[in-house]
Each structure stands twice: as structure tokens, then as C-alpha cells.
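This report refers to the structure that appears directly beneath it.
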Amino acid sequence: MSKKFSIFLTSLFCAFIGGMAVISLLLPDKDFSPLENRFLQKPPKLSADSLKSGKFMEDAEDYVSDHLLGRDLWVAMKAWSERLSGKKENNGVYFGSHNTLINRVETPAPSKLETDMGYVDALVGNVSVPVYFGLIPSAAEIWKDRLPAGAPTADEKSIIDQLYFSTGASTIDLYGALASHSGEDIYYRTDHHWTSLGAFYGANAIFEALGLEPLRLEDYQKTTVTDQFNGTSFSTSGVRWLPPDQIDTYVPDDGIQVTSWFKGTPEEGSLYVDSYLDVKDKYSYFLGGRQPLCVVEKAGSTGPKALIIRDSYSDSLTPFLTERFSEIHLIDPRDNLSSIKNYVEQNNIDTVLVLYSFANFATDSNLFVLSR
């Protein structure tokens, strides 16, 4: 390579980097990335403390990375390069078979699990109604056959069995309900949640544990509300070459009244919120997404009243639960620190369900609410 050509390449590279930097600085900042489904880093605040601690430089690096011209393209190219180099994972998401993205699940610390199970048992002792405890295994457990060979992930079944054995609460065999249908589309391929079909099998596991009549799938008509769903695993992994998922519903919302507390005050909600089908976060179509409290009532039903201490898996589960419960009260401890004991007494709750996905239960820092 001649000296002139080397100078030319160096100049071209510098011009490219400089041009990218200038254009990125001139472009208006974005607050949110729909493709990655997250808020972007805001401009860092300069102070003596932030400079000394190194936080200013960390925030500045994140800010530049988040607002780089063509960021979505670079994220996709990184994922492609990881794939072409033979890697089976990117950003904690495995490239599974059958066009499936599967989140790696870390093994939780035994001390955290022991503490959290203490909160569950405290709830059992605090209320005068039955308490049921259910952990929903992830796709990494149920779809192990889709994982790359040797891919490390938590032994969820073993841990769930240990936790079920240790608790004073009644337990719900969600693992068995899902594992027996592992050949079906019970999880999304691009998202960590279960599908409506998976939620159907989960609902029947709950009904079986409570001694209620199970549902029959043949009694329902499946309706596909969108076939353009790219979920959180899609966003995290950077993978852009997989076909999107579809979202289905089975239970109509006739005779259902939903009250939501998105902002701390009651407002009319809905079992299905169609406006979310037009945005990236399509899973929030179910109940409208994360909220501190949601109450779902079915007109004319004489079934029991259930309180669910929940995460987002319960959003797509709730339509099926309306078939057996007259009222379903959903509390999210991430946003609602109210006394569970008082809520049960004030609302004449008949049964309490602590229902979490395994991954969320292993990482949630608000489970102390159960003991209140």
C-alpha cells in the first residue's frame, strides 16, 4: 500500500467519523427509541461531583452512543456480525432455533430467594383467605430444545420445585401445564412473555389448583389482532432479520368492566386497548400495560373474588380468568406499596394469588410488600 493511498484512507476515515459526529450533534435529540423500546440517555449534567466520580464521562458516552446518526442500523449490524462470527447470543438473548429469541435467565442468589419466600409465607399468615403461589417458567426452560447447544441458563424447574416445597402457600403447577404443551406456540418468538395460548394453559393450571372447572379451548374462537409484533427480545438482541409475531385473543370483552389506576386515580379501562396495536409496545394491548392497580369485574358472575400480586404475564392471562372469577384485582408491587392485608379485608377478597414469571420473581426488589 502506497503512502498516498494510506493518507487517503486515513483522511476518508477521519472525514467519515467527523461527519458522523457533527451531524449527530446537529440532529434534534430523541427521548425514546421505539425500535429498542426504551428511553434514551439525556445530555449529561456537568458538576464537580460528576467529574470526580466519573459519572459525567459515563453519561456522556451513553448519550453519544444513544444519539449517533443511524443508531438503529449500527445496532442491527452488530447483531449480524455477532451471528456471522458464530456467536449464539447478543446482549443476553440467545439466537434459538425455529426463529426464536430466548432470554438467558440467571440463577438467583439463594439468600434472595429465601428472603422473598419469607415474604410469601408472611402473607399466608397475615390474611384469613387462601394464598396460592405460582411461578411461570420462561421459554428458556420450556423451550430448552430451541437453545443453542450448551447455552447456560438457570435450572428453573429445580429451583421452582425447591421453592414450592419450602412454602406454606398452596402452589400452582404452571411448569407442568406449559411443559405438556411445549410443542405449541405458548411463548412469543421475539418477546419474553407467554402468548395468549400459553396464558390459556396457565389459567387452567390456576383453576385446577383452586378446584374450579377448567376451560375448553374448543369453546373459543381465536382472533389475530396483529401479525406485526416485535417484542422486548427483538429490541434487546439487535436482531432484525426474524419474522414478527402475531398476537391473538380468545375471550371477548362483553360484559367486562375494567377500572385502571394508571395515575393513582380510578379511570375507565379496557380488557383490550386497540391503540397499542399501532405502536411498538403491542403487548400493552392487554389491559393497557403496567399500572399500580387494576380491577376487572364481570357482570352477572357469581364466582369468587381474586387478588393477584402480579407482573406483566397476568395482563394476557386476565381475559381467561374473567371466565371463573367475578372480580379480579391486580396489584403491581413495583408501583403500589399498599398493605395487602388491608386490601384483602377492605375488598372482601376470597383468594390471593402471588403470580410471577420466574425471571421477574428472581429479580424483583419490591416483594416485601407481601408482608405488609
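The values are calculated or read from the model by the stated rules, or taken from the named source; none is laboratory data. Being a predicted model, the structure only gives us computed values, none of them experimental. Positions of Cβ are backbone-derived with ideal geometry, glycine not excepted, and every protein chain shown enters the neighbour counts. For the accessible areas, the whole protein counts, side chains as well, though only heavy atoms, and no ligand, DNA or RNA atoms are used. Shrake-Rupley method; radii C 1.70, N 1.55, O 1.52, S 1.80 Å.
A Cβ distance below 7 Å, combined with a sequence gap of six or more or placement on separate chains, defines the contacts here; from the stretch 303-323, residues that are on the phi > 0 side of the Ramachandran plot reach no residue that is of a type outside the set (Ser, Thr, Tyr) and surrounded by 22 or more Cβ atoms within 10 Å (Cβ to Cβ).
If you filter the stretch 87-107 down to residues that are at pLDDT 95 or above and of a type in the set (A, V, I, L, M, F, W, C), you find that the one that is nearest to Ile142 (Cα to Cα) is Ile102. Annotation note: Cβ proximity below 6 Å between a residue of the stretch 332-350 that is over 26 Å from Gly211 (Cβ atoms) and a residue that is open to solvent by less than 80 Å² (accessible area, probe 1.4 Å) (sequence gap 6+ or interchain) occurs for Asp332/Pro292; Pro333/Asn366; Pro333/Val369; Arg334/Asn366; Asp335/Pro292; Asn336/Pro292; Asn336/Leu293; Leu337/Val369.
Condition check ((1) in contact with a helix residue (DSSP H, G or I) (Cβ under 7 Å, 6 or more places away or on another chain); (2) modelled with pLDDT of 95 or more; (3) of a type in the set (Val, Ile, Thr)) across all residues:
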{"site": "Ser270", "(1), (2), (3)": "no, yes, no"}
{"site": "Val273", "(1), (2), (3)": "yes, yes, yes"}
{"site": "Tyr276", "(1), (2), (3)": "yes, yes, no"}
{"site": "Gly300", "(1), (2), (3)": "no, no, no"}
{"site": "Pro304", "(1), (2), (3)": "no, yes, no"}
{"site": "Asp335", "(1), (2), (3)": "no, no, no"}
{"site": "Asn342", "(1), (2), (3)": "no, yes, no"}
{"site": "Thr351", "(1), (2), (3)": "yes, yes, yes"}
{"site": "Ser365", "(1), (2), (3)": "no, no, no"}
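In the stretch 145-264, counting only helices (runs of 4 or more DSSP H) that sit wholly within it, the ones holding 3 or more residues that are farther than 26 Å from Tyr119 by Cβ span 196-210, 232-237.
Count of the stretch 212-239 residues, restricted to those that are open to solvent by 50 Å² or more (accessible area, probe 1.4 Å), within 17 Å of the chain's Cα centre (by Cα) and of a type outside the set (Ser, Thr, Tyr), is 0.
Look at (1) open to solvent by 50 Å² or more (accessible area, probe 1.4 Å); (2) touching a Leu at 6+ places or on another chain (Cβ under 9 Å); (3) within 19 Å of Ala306 (Cα to Cα) and you find that Tyr175 fails only one, number (3). Under the condition of being buried (at least 16 other Cβ atoms within 10 Å of the Cβ) and either among the β-branched types (Val, Ile, Thr) or more than 21 Å from Gln221 (Cβ to Cβ) (or both), the residues counted in the stretch 240-280 number 14. Given the criteria open to solvent by 20 Å² or more (accessible area, probe 1.4 Å), over 16 Å from the mean Cα position of the chain (by Cα), within 19 Å of Gly202 (Cα to Cα) and not basic (Lys, Arg), does Pro304 qualify? Yes; evaluated as a whole, the condition is true for this residue. Could you say which residue among Arg71, Arg146 is surrounded by 16 or more Cβ atoms within 10 Å (Cβ to Cβ), at pLDDT 95 or above and charged (D, E, K, R)? Within the list Arg71, Arg146, the selection yields Arg146.
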